[in-house]
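The structure under discussion appears below in the form of structure tokens.
The values are calculated or read from the model by the stated rules, or taken from the named source; none is laboratory data. The structure presented is a predicted model; accordingly, all values stated were derived computationally and were not measured. No Cβ is skipped: glycine too gets one built from the backbone with ideal geometry, and neighbour counts run over all protein chains shown. Quick note on the areas: whole protein, heavy atoms, side chains included, nothing else; ligands and nucleic acids left out. Shrake-Rupley method; radii C 1.70, N 1.55, O 1.52, S 1.80 Å.
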Amino acid sequence: MATGKSLKQFDEEFFLKFNSSKHYKKEQIIIEPGLEPSGVFYIKSGFVRLFLISKDGRELTFNIYKPGMFFPMIWALSDSPNIYFFECLTDVELLKAPKNEVAEFLKSNPVVLLDLTRRILSGLEGLTKLMDILLSKNAYNQVCAVILMLARRFSNPNKNNHMAIEVPLTHRIIGTLAGLSREATSRELEKLEKEKIIEQVDHKIIVKNIKKLEDEFATFAADHIIF
């Protein structure tokens, strides 16, 4: 890896070699389950959602990818067939490289491979926690846990210690993370807003009282060994 460059810049330069920049619109499906992906994608801008549809027809979101991330890496590194949908949560610009070239890039750059491994393990931990949330029967705590996870991953505190989650999220999408219907999710978000824990502005959620949200999350976690 060249010195003086950030890891993100280094990764982006690799993908730019293939002259494969493409723009996708919000809600556009990039990859569908059962179909062979055309390569490995790098997110230059925007947010991408990984989800599947369960046997009973429920939509379940398992991850949200932000700029600088690669996908679909399970398919790319294990030769397992892709079973997920990848959908644009916003307008997105992607770069693409052939799977074998990405594998060689990772082999030749252990710092990049280490960073990718860290991200995958972090995602696995998040998935484990998410599965535990889905087993809970307390809708309020489920939504609290999801909002806290999103705030920790997609925001930074401002001078008022408020945390604006930078991903635009509908109540339906939050529900697919919490394992709840849109209607149930809306009710719990309204409670959080009335308690002045969050504020909702143009599909963006601002966490106004992170301490109280963490307390609610801790209450939920106390009854769940994984946390």
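Here are the numbers:
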| read-out | value |
| --- | --- |
| Per-residue SASA entry for residue 106, accessible area with 1.4 Å probe, Å² rounded to 10 | 10 Å² |
| Lys, Arg +1 and Asp, Glu -1 on Cβ, resulting dipole of the chain about Cα centre, debye, nearest 20 | 380 debye |
| The chain: angle of helix 210-222 to the longest principal axis, Cα-based, in degrees nearest 10 | 90 degrees |
| Over the chain, relative contact order from alpha-carbon pairs under 8 Å, at least 6 apart, % | 19 percent |
| Angle between the chain longest axis and helix 182-194 axis [Cα atoms, degrees, rounded to 10] | 60 degrees |
| Three-way shape label, the stretch 1-91, alpha-carbon gyration tensor, a/c 1.5 | prolate |
| Surface accessible to a 1.4 Å probe, residue 59 within the full protein complex, Å² | 50 Å² |
| Top of 29, 205, 43 by mean-square fluctuation, Gaussian network on the chain, Cα under 10 Å | 29 |
| Which of 18, 62 is most accessible, then next, and so on - probe 1.4 Å | 18, 62 |
| Helix 139-154 axis, angle to the chain major axis (alpha carbon atoms, nearest 10°) | 40 degrees |
| Choice from 150, 116, 35 with maximal GNM fluctuation in the chain (Cα, 10 Å cutoff) | 35 |
| Shape call, the chain: gyration tensor on alpha carbons, a/c limit 1.5 | prolate |
